[in-house]
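Participant: One structure, as structure tokens, below. Some questions next.
Read-outs throughout are calculated quantities, based only on the coordinates presented, and are distinct from any laboratory measurement. If you're wondering where the values come from, they're calculated on a predicted model, not measured in any experiment. Cβ placement follows ideal geometry from the backbone for every residue including glycine, while neighbour counts extend to all protein chains displayed.
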Amino acid sequence: MKKIASFILGIMAFSFAASAQELKPVKIDSVVSVNLPVEHEVKDTLGQKIYSGSGSLGYIVVIRSANGNAKPLKKEKDLNNVFKEYMTKVQGQSSGSVLNARDTTIGNLKAKVFGLEADNGNGVEIRDFAVIYTKDATYTFEYMYPESRKGLVKAENQAFFSSIKTSNELQRTDQYVNTEPSGVSQSGKIAIYGGGALLLGIIAFFVFRKREQTALS
């Protein structure tokens with residue numbers, strides 16, 4: 001009986017994995033695209049464009065929110081704070097627990113991925129997120145499913161998130177202005193090297209002068 005049950009579960013998992021490939025590429029805008037269910041809805045209101053649809057095992061939502069006149073971020077730490085505030089906001093809305101939060105790279109951009117586990121009253125639900133921030137817009141990619149399907153959603157979940165594509169036009173400077181590594185800035189390095197060269201020149205002058213005085217005495 002156990003062998004038969006395992007066989008049936010295996011067939012189901014294979015079928016679900018196969019149907020997960022039915023997601024189709026959709027352009028969110030001119031620089032970002034992702035695979036979505038063939039049948040999905042699009043709502044465009046108040047600076048937000050929302051794409052949503054049911055996959056084989058989970059519900060998919062993609063949101064593009066215009067950042068409008070938001071002040072440009074200066075450094076990477078400012079971007080990290082944006083991601084932190086975003087996770088705090090989402091967690092507060094559902095009173096859930098954040099899971100496996102980590103940084104990743106999508107195209108040339110830094111992104112944050114994390115999960116959220118919460119009881120919606122009908123059982124535990126898991127929401128997986130990927131968030132990209134640029135000076136023009138914030139992109140949210142979300143895949144939701146009941147905890148009971150956790151062992152079955154992997155193929156569709158991965159197919160969705162791995163399909164996120166960003167244009168090569170988007171660079172880190174589209175996220176925060178100062179992309180230099182932490183530490184001494186370029187201007188600081190110039191000042192240090194220039195000052196060092198000047199100091200060596202002064203030392204060499206006095207050493208040469210000292211030798212001339214010694215030779216004449």
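Participant: Can you return the aspartates and glutamates within cross-link range of residue 112? Criterion is Cα-Cα under 14 Å, with same-chain partners fewer than 8 residues away left out.
Facilitator: 76, 78, 85, 103, 128, 142
Participant: Find how many whole Å separate the alpha carbon centroid of the range 21-66 from the alpha carbon centroid of the range 71-108.
Facilitator: 21
Participant: Work out, step by step, the length gained on full extension between residue 27 and residue 98: first 0.36 nm times the residue separation, then minus their alpha carbon distance; give nm to one decimal.
Facilitator: Extending this stretch completely gives an extra 22.7 nm.
Participant: Please compute the modelled spin-label separation between residue 89 and residue 149, points set 7 Å along Cα→Cβ, answer in nm with one decimal.
Facilitator: My value for the distance between the label points is 2.7 nm.
Participant: Using label points projected 7 Å from each Cα along Cα→Cβ, tell me how many nm separate residue 168 and residue 75, to one decimal.
Facilitator: 3.2
Participant: Something else about it: Taking the Cβ-Cβ separation of residue 54 and residue 178 as r and a Förster radius of 41 Å, what is the calculated FRET efficiency to the nearest 0.05?
Facilitator: According to the calculation, E is roughly 0.45.
Participant: Kindly provide the Kirkwood hydrodynamic radius of the range 64-170 in Å, to one decimal, from all pairs of distinct alpha carbon atoms.
Facilitator: 14.9
Participant: For residue 103, what is the net charge nearby, where nearby means another residue's Cβ is under 9 Å from its Cβ and Lys, Arg count +1, Asp, Glu -1?
Facilitator: My count for the surroundings of residue 103 gives +3.
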